[in-house]
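The values are calculated or read from the model by the stated rules, or taken from the named source; none is laboratory data. It should be emphasised that the depicted structure is a prediction, and the values quoted were computed from it without experimental measurement. Methodologically, a virtual Cβ is constructed for each residue, glycine included, from the backbone with ideal geometry; neighbour enumeration extends over all protein chains shown. Surface areas here come from the heavy atoms of the whole protein model, side chains and all, with no ligands, DNA or RNA. Shrake-Rupley method; radii C 1.70, N 1.55, O 1.52, S 1.80 Å.
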Amino acid sequence: MRKMIDKNGLESSWFKSGSTGGVRRLSVALATLGAVGAFAFGAAGCDTAAQISFSSRTFQEIHSSGFTAAPGTCGGVSGGEMKARFVLVDNKNAPIMVGDAIDRPSSGSSAVELDSNSVAFSDGALMEVTPGACDDGGSCPSSSIGFQCKDAPNLQGAPGGQSLKSCQIPEDGLSVAAAASGVEFVSDTTNDQVYGILMENSGGLKGWSLPGTTEAWDANGNGVVGDPDDLPAFGVLYGDTIASDPRNKRVQGVVNAYTRWVYAYQLARKTKRKTYFGLWSFNDSEFKPTSHIENVGRPGFPWASESTPITGAISDYQNSAINDRSRANVYEAALALLNGPYSDQAMTDLGVASPATVDKVLVMFVDGYDDMRENDNSDIDKVVDAAAANNVRIFIVHVDPAFQEPHQIREDPEYWKGQTPCTDDSTCKNYETCRNPKGYGTGVGTEVEKPEGFDNTYCLPARDENGRVGPIEDYSRLACATEGGYMYSPSIDSVVRNMDWTPYALDGLWEATVTSATMNRKGDLAGMPLKIHADMGVTVAGKSRNYPFTQMGRPNNVDANATIDAFDTRGVIFVADE
């Protein structure tokens, strides 16, 4: 089996002489590899130069995927109990594992063991999920249950004097469970590993309107096109005005994640484990996601662990232009991956020592909901089941930016088809509302076309004044069920920060059981989505570091000219509808 692995280029050779050529082939994206990447590729071209040095290790920083409901209650947070997942990183950009020797501030070192006294939360608040600041003079949507427009607790002013006021209620009791399981190390450091990235590649990222939307659109829903609020027929994309990622910032998220994955490779190699990298993209033009590893290598081999195919795959992904209208078949793509490259059979084909126990992490990048609502073969329940059957931990990176011209976003004429008509919002998903579809017509003053069933009411996506749909409960549920994370951000500028640390979850993931006293006692929060504002402090070997879940949380890896939304690290949860 070892010969087969060598033959197919799966066993790494990037530490050997002449292995840096793949990096030079990449244009803008891989040219930005920093010290981490350069160190990992080993300019000296030898194993010794490239190995992580574990001497003089100090606790440096924290990364987190936020909060999920506790396993078994993934329909929403119940009784205020949540899981906060995070990684600790040392001064050499390596994850800190349980039992690692970490230097103390004064002298000596300590073996890392965290408990409820090692993790603490302060300055808490529960905030409504509304991007932007609230208005001092107005009321909050949930003012009837105690939400008020206030400054965020213990948060200094934003750049340019932007307001940080939000609709909130105080959270005076975020606490870590005192039981032995209050803080646990949950990574698998004994088995072989696979780490994959699944990137949405639908037309909306570049500003393409959806298929079937070129005719005049009845934006105000009165059944006739040509009113001032309606949109005329068109034949080209709108570009940046309705593009969720017009500058391809998601590519840099992939690049940075790869540089961090190099450390996972080195750790696995040190303990004689194998670790592999995969990269896929998807839209509804194909049933199965595109494997960029296969595109630059051999069909049927979507995993790699050497630099040349991986950097080539990233370059291939970077150059995969979005030149037409397409939908995001999120669940269909995820299912194809979970039941294909992530399956036990695929692990057997890969030649790992124990296919059934491989440690598997999948990172999914999306810019909204699944467009294929009535695809009976692919829904969130099937994705949850497939992830469980194949033992995959999933992190969802969901960007939901404000659009320049949100009024130009047209309704999908296919979304309602196949649905059972609704009578109210109770049967709709959290980002939908029950209403009549808005149709399309051939010209000014003409009535909209009315396919069979058009005159009924259906569950249809609702957007705010900026074009956002908000956090998606199905994604939060998937993160909970797979013990991963849901990272919702109202800005594309945060994509690098949210993606780049995720390879550390292979070897360095910790989990704290956290209880919100306010959620536990306030029954009128049931069914609500909330943002958690807090400061999380972690102490390792006598040294403390903080992770801010705030509107101004993490300025690192964010463009200097980004809006305040790009800095937002508040965790998003959904309260159980009890």
Q: Just read off the accessible area of residue 150 with the full protein assembly in place, 1.4 Å probe, to the nearest 10 Å².
A: 80
Q) If you roll a 1.4 Å probe over the range 304-368 with all protein chains in place, what percent of the accessible area is carbon or sulfur? A) 44
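Per residue, how large is the accessible surface of the range 420-510? Use a 1.4 angstrom probe and give square angstrom.
36
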Q | Residue-level accessible surface for residue 269, protein heavy atoms, 1.4 Å, Å² | A | 80
Q) Hey, how many Å between the Cα centroid of the range 468-528 and the Cα centroid of the range 427-442? A) 27
**Q.** Nearest 10 degrees, 0 to 90: helix 307-318 Cα axis against the chain principal axis
**A.** 10
Q) What's the carbon and sulfur percent of the range 163-214's accessible surface, probe 1.4 angstrom, rounded to a whole number? A) 52
Q: Any chance you could look up the accessible area of residue 376 with a 1.4 Å probe, heavy atoms only, rounded to 10 Å²?
A: 120
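Is the shape of the chain rounded, prolate or oblate, going by the alpha carbon gyration tensor and its root eigenvalues a ≥ b ≥ c, with a/c under 1.5 for rounded and a/b larger than b/c for prolate? Provide the component values of the computation, followed by the final result.
Numbers: a/c = 1.80, a/b = 1.26, b/c = 1.43.
Note, shape of the chain comes out oblate.
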Q: Go ahead and estimate [θ] at 222 nm for the chain from helices alone: -39,500 (n - 2.57) per DSSP H run with n ≥ 4, summed, over the residue count, rounded to 500.
A: -5000 deg cm²/dmol
Q. Put 127, 97 in order of accessible area, largest first, 1.4 Å probe: what do you get?
A. 97, 127
Q: Please calculate how many Å² of accessible area the range 172-256 carries per residue, with a 1.4 Å probe and no DNA, RNA or ligand atoms counted.
A: 36
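Give me the net charge for the shell around residue 233: Cβ to Cβ below 13 angstrom, other residues only, Lys and Arg +1, Asp and Glu -1.
Numbers: positive: 410; negative: 215, 218, 230, 449.
Its environment carries a net charge of -3.
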Q.
I need the phi-derived Karplus couplings for the range 76-93: 6.51 cos²θ - 1.76 cosθ + 1.60, θ = phi - 60°, integer Hz, Gly and Pro marked x.
A. x, 5, 10, x, x, 8, 9, 10, 10, 10, 7, 10, 10, 10, 8, 6, 10, 6
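Within the accessible area of the range 399-498, what % is carbon and sulfur when the probe is 1.4 Å and the other protein chains stay in place? Show your work: numbers first, answer last.
Values: 1780 of 4120 Å².
Accessible surface attributable to carbon and sulfur in the range 399-498 totals 43 percent.
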Q: Tell me the label-point distance for the pair residue 151, residue 115, using the 7 Å Cα-to-Cβ offset, in nm and rounded to one decimal.
A: 3.9
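Provide the FRET efficiency to the nearest 0.05 for the residue 345-residue 270 pair, computing r from the beta carbons and using R0 = 25 Å. Present the calculation step by step, with values, prior to reporting the outcome.
Numbers: r = 29 Å, r/R0 = 1.14.
The computed FRET efficiency comes out at 0.30.
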Q. Taking the Cα centre of each part, how many Å lie between the range 356-408 and the range 184-249?
A. 15
(Q) Report, in listed order, any pair from 270/543; 92/360; 270/382; 206/417 with a Cα-Cα distance greater than 32 Å. (A) 270/382
